[in-house]
Amino acid sequence: MEEQMVRTACATLRADDVGQGVRLNGWVHRRRDLGGVVFIDLRDRTGLVQVVFYPESGELHALASGLRPETVVEVFGEVMARGGQNANERMPTGAIEVKASRVSVLAECDDLPLQPAGSQVPQEETRLRWRFLDLRREDMRRALETRSEVVRTIRETLHSEGFWDIETPMLTASTPEGARDYLVPSRVHPGHFYALPQSPQLFKQLLMVGGAERYYQVARCFRDEDLRADRQPEFTQIDIEMSFVEPRDVMMVTEKVICRAAAIVGWELSAPFPQMTWIEAMDRYGVDRPDLRFGLEIGDITPAAAASEFVVFRQASQEGGVIRGFCVPGAAESHSRKKLDGLTARARELGAGGLIWFKQSGGKISGPAVKALGPEKALELTGALGAGDGDLTLIVAASLEIARRVLGALRLEMAAAEKMIPADRHELTWVTDFPLFEWDEDEKRYFACHHPFTSPEDTDLDRLESDPAGVHARAYDIILDGTEIGGGSIRIHRPDVQRRVFAALGIGEEEAQSRFGFLLDALRFGAPPHGGIALGLDRLVALLLSRDSIRDVIAFPKTTSASCPLTSAPGSIDAAQLMELGLRLRDDA
Ligand code: ASP
């Protein structure tokens, strides 16, 4: 009869269930022998419940005494109240325990290379090598569950907004997003290769030409980049495209998606999210993905500073540079000479010639430039940056690009060091009006800031050839707490404009035709105006869970050097496979 009992999930049992007979299945999380009584914390994905075995039960007790951690068992028993002192308020099931009447081992467990029940997070290499054990740890279990909930909510939201879920090919032609392609050799067409998609960009545009109007996909993307800290060679994005839209339409859908996803972890966000232009972000925060959870806004004091006796300021301005800085409230006292030398070294490392600092306390101002400026002028300049008594002011005199970079980085580092980032505050913003192109000094040519299918502003169309650097894009990024979690744009839907943008990027007529002929064709046959966005799912979930790395929210991630310690991918292939693919390895490969 017991065999027919329906399984109960461990962590669902409560005081109301006392007296019930139950069947539990799960893993031995921990075993304790207390004066002859054996306690087992039994774990399934819902959590833990305590199971007790009394010595009177003879064989049953003997079996329980030998159960090793992570053994898979089936337990039959009765739910009992854990009276008074024995109750554990920290456990959801702490008011009860299950008195076992039978237990059977469903699977044994070897000596563990990683303890799922351990309180310490194991080394990452060990975690990735033994990922199936790592996934049993509570923080990974939570990550998988939350991620699944986020995806479900996003799907539901998009379906309720009339979006269709449409798959696009994995074996395809190159879609440029600024990275190298992962290539797949074709056996049937020796010497020919598919590319894995860097994004479904071209297909989603073709879907709009195909009349789908509202598309989304939980899409895997592949980018072969020189691996920077927290990138993965394959990642997942929520890919969205809509026809007959303006940026605001795409933003509204995105805001709904993000608000609902964030509610899963209890964040209450409210839409519409604020917007700022790219120039504003770069000037006030030094970066195109500003963290708005704290102040430390950068200010420009070029004219006032240039009109001083301080040669560093005069020279920077004469050379076409800027003088900018920010004030750190209350930080004068805590910044010793040594700390300030450290900040100066950091500014140099980031490309500045130096860092000019001022400390204000007791109505006095100090700092290496006070002598040259005179205290009055020094106070005028720091005052213009909002500084008063007790504050520290940091100033950089450099080219616009360097000043933005250095101050943008120092602003973040100071906020972290001064513990100015509230843990429970979250700030979103749209960044708009990006430049369409970016000049690459090494290659002496323009690159697309986003991708080559992004539409220029209509009003900038006649500048495409004469002043490419001055053309704005109809693009928008969405930033959460200083991290870009998505980006998109209105696309080019006219073949003549697409050709001109290709030309500005140095993609000639012939190359355009051979690489993107199918897109240019599509644009000739009634392409509706369209636009969209892609949200980085891994990054979004990592932020929602306050995890430092996206690897912590991906079931089977790769290492920072793009390998998988679990499966040993990438691996070599044998001579016969190479032959079949018409490939030969170089001797030095
Ligand atoms: N295809 C772009 C990307 O993957 C997003 C977009 O423009 O929709 O970053």
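Restricting attention to the chain, close to 90% of DSSP beta bridges with both partner residues there are antiparallel. Positive-end ranking of Leu13, Gln85, Gly351 along the dipole of the chain, with charges on Cβ about the Cα centre, is headed by Gln85. How high is the FRET efficiency between Ala307 and Leu34 when r is their beta carbon distance and R₀ equals 56 Å, given to the nearest 0.05? Taking R0 as 56 Å, the efficiency between Ala307 and Leu34 is 0.10.
Given an 8 Å cut-off on Cα distances and at least 6 residues of separation, report the relative contact order of region 278-433 as a percent. Normalised by residue count, the contact order of region 278-433 is 34 percent. Extension gain, Glu234-Glu457: 0.36 nm per intervening residue step, less the Cα-Cα distance, totals 77.1 nm. For the pair Asp224 and Glu125 in one chain, pulling the backbone fully straight at 0.36 nm per residue adds 33.5 nm over the alpha carbon distance. Is region 238-339 rounded, prolate or oblate when judged by the Cα gyration tensor, a ≥ b ≥ c being the square roots of its eigenvalues, rounded requiring a/c under 1.5 and prolate requiring a/b larger than b/c? Judged from the Cα gyration tensor, region 238-339 comes out oblate (a/c at least 1.5, b/c at or above a/b).
Counting only C-alpha contacts under 8 Å and six or more residues apart, can you give the relative contact order of the chain as a whole percent?
Taking the mean separation of contacting Cα pairs over the length of the chain, I get 13 percent.
Normalised by the number of residues in region 13-103, the average gap of Cα pairs under 8 Å and 6 or more apart makes the relative contact order 35 percent. Shape of the chain from the C-alpha gyration tensor: oblate (a/c of 1.5 or more and a/b not above b/c, with a ≥ b ≥ c the square roots of its eigenvalues). Helix-only arithmetic for the chain: the sum of -39500 (n - 2.57) across DSSP H runs with n ≥ 4, divided by the residue total, places the mean residue ellipticity at 222 nm at -8500 deg cm²/dmol. Local charge for Tyr215 was computed over the other residues whose Cβ lies under 11 Å away, with Lys and Arg +1 and Asp and Glu -1, and equals -3. Spin-label model, Glu413/Arg7: points 7 Å from Cα along the beta carbon direction are separated by 5.3 nm.
Between Val497 and Ser561, the modelled labels are 4.6 nm apart [label points 7 Å from Cα along Cα→Cβ].
To the nearest Å, what is the center-to-center distance of region 271-290 and region 187-210, using C-alpha atoms only? Comparing the Cα centres of region 271-290 and region 187-210, I get a distance of 34 Å.
If R0 is 51 Å, the Cβ-Cβ spacing of Met170 and Gln20 corresponds to a FRET efficiency of close to 0.55.
What does the net charge come to around Val370 if you take all other residues with beta carbon closer than 11 Å to its beta carbon, with K and R at +1 and D and E at -1? Net charge in that neighbourhood comes out at +3.
With the Cα gyration tensor of region 37-107 giving a ≥ b ≥ c as the square roots of its eigenvalues, does the rule (a/c under 1.5 for rounded; else a/b larger than b/c for prolate; else oblate) give rounded, prolate or oblate? Oblate shape, in that a/c is at least 1.5 and b/c is the bigger or equal ratio. Label point of Asp442 set 7 angstrom out along Cα-Cβ; within region 396-410, no amide nitrogen lies under 17 Å from it. Summing charges over neighbours of Pro565, with a neighbour being any other residue whose Cβ is under 12 Å away from its Cβ, gives +2 when K and R count +1 and D and E count -1.
Of all complete DSSP H helices in the chain, those with a Cα span along the helix axis of 20 Å or greater and a mean Kyte-Doolittle hydropathy of 0.0 or more are 247-263, 400-417.
Each value in this text was obtained by applying a stated rule to the coordinates, not by laboratory testing. These numbers were taken from a predicted model, which means no experiment stands behind them. Cβ: placed from backbone, ideal geometry, glycine included. Neighbour counts: every protein chain shown.
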